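Working notes, structure below.
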Amino acid sequence: MDAFNRAKNSTSISNVDYVPTPDQSWPANSTIIIDTACGQVIEDFLVDEKSRDQEG
């Protein structure tokens, strides 16, 4: 799992106070962007085995 705290400009997991609950509807092999304030998925996109975007 990767995370980014915009307020602290930090990618350290310890700076993110949110634990996602995986959802079966999330697409496999994808990056999921979640708004941690409300828990809603903002965006998702397919990635390859090296986490490279596969849609562009």
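We did not get these values from a lab; they are worked out from the coordinates using the rules stated. Only a predicted model underlies this, so the values are computations on that prediction, with no experimental measurement involved.
The length gained by stretching the chain between VAL19 and VAL47 to full extension, at 0.36 nm per residue less their Cα-Cα distance, is 7.9 nm.
With the cut-off at 1.5 for a/c, could you classify segment 1-49 from its C-alpha gyration tensor as rounded, prolate or oblate? Because a/c hits 1.5 or more and a/b exceeds b/c, segment 1-49 counts as prolate.
Compute the relative contact order of the chain as a whole-number percentage, counting only Cα pairs closer than 8 Å that sit 6 or more residues apart in sequence. Reported relative contact order: 20 percent.
Full extension of the chain between ALA37 and PHE4 gives 10.5 nm of extra length, using 0.36 nm per residue less the Cα-Cα distance.
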